[in-house]
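Okay, so here's the structure we're looking at.
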Amino acid sequence: MSGRDHQHIFATNVEWRAGSDAGIHYARFRMDETNPASPTMILSKFEPGVRVPAHTHDSNYFEYIIEGEQAVGKQSFAKGDVRLVKGGTGYGPIVVGPNGCTVLIVFEDGSRSMMETLPRKKVSV
């Protein structure tokens with residue numbers, strides 16, 4: 001919060017950024033902008049049908065589905081559902097449902113929140 005005891009950010013002032021792929025937008029908020037390792041919140045909006053490849057993050061994180069739905073691998077999540085993920089855990093792909101999806105993600109360590117795409121596994125036939 002950079003020298004402030006609290007900060008108000010109204011919906012009209014949220015800085016939305018383009019995500020890693022078309023159809024993804026996000027806003028980032030750090031508890032302490034001067035400390036990259038401080039807890040970091042990501043508000044993400046996914047358009048219907050967006051697919052995010054299997055990946056991992058080095059930080060533990062909490063994800064809350066605000067609206068819409070998504071499938072993570074074979075598991076479906078909808079409004080109000082929570083995911084708790086330990087850093088280094090691989091998962092996915094994420095497939096967004098027909099109504100899109102909005103999520104709030106809280107990373108324990110913002111400096112370790114970057115997405116790392118996992119290599120495809122080779123399957124013998």
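The values are calculated or read from the model by the stated rules, or taken from the named source; none is laboratory data. Just so it is clear, the structure is predicted and the values come from calculations on it, not from any experiment. For neighbour counting, all protein chains shown are included, and Cβ atoms are generated from backbone atoms with ideal geometry for every residue, glycine included.
Numbers below:
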quantity: Matching residues in the range 12-37 - criterion: being of a type in the set (Asp, Glu) and within 19 Å of Ser59 (Cβ to Cβ); calculated: Asp32, Glu33
quantity: Of all residues making up the range 49-89, the number that are in contact (Cβ under 8 Å) with a residue 24 or more places away in the chain, surrounded by fewer than 13 Cβ atoms within 10 Å (Cβ to Cβ) and more than 20 Å from Gly110 (Cβ to Cβ); calculated: 1
quantity: Of all residues in the range 34-46 being more than 16 Å from Phe107 (Cβ to Cβ) and within 14 Å of the chain's Cα centre (by Cα), the one that is surrounded by the most Cβ atoms within 10 Å (Cβ to Cβ); calculated: Phe46
quantity: Residue match in the range 4-23 (condition: under 13 Å from Thr102 (Cα atoms), assigned to a strand (DSSP E or B) and modelled with pLDDT of 95 or more); calculated: no
quantity: Number of positions in the range 34-52 that are out of contact with any Lys or Arg (no Cβ under 9 Å at 6 or more places or on another chain) and β-branched (Val, Ile, Thr); calculated: 3
quantity: Residue tally, condition assigned to a loop (DSSP other than H, G, I, E, B) and either of a type outside the set (D, E, K, R) or free of Cβ contacts under 8 Å to residues at least 40 places away in the same chain (or both), over the range 38-48; calculated: 3
quantity: Residue ranges of strands (runs of 3 or more DSSP E) in the range 53-125 with at least 1 members within 23 Å of Asn35 (Cα to Cα) and either among the aromatic types (Phe, Trp, Tyr) or modelled with pLDDT under 95 (or both); calculated: 61-72, 94-107
quantity: Pair list, Cβ < 6 Å and 6+ apart or interchain, from the range 23-37 residues that are within 30 Å of Gly49 (Cα to Cα) to residues that are assigned to a strand (DSSP E or B) and not basic (Lys, Arg); calculated: Ile24/Phe46; Tyr26/Ile42; Tyr26/Ser44; Ala27/Leu43; Arg28/Ile42; Phe29/Met41; Arg30/Thr40
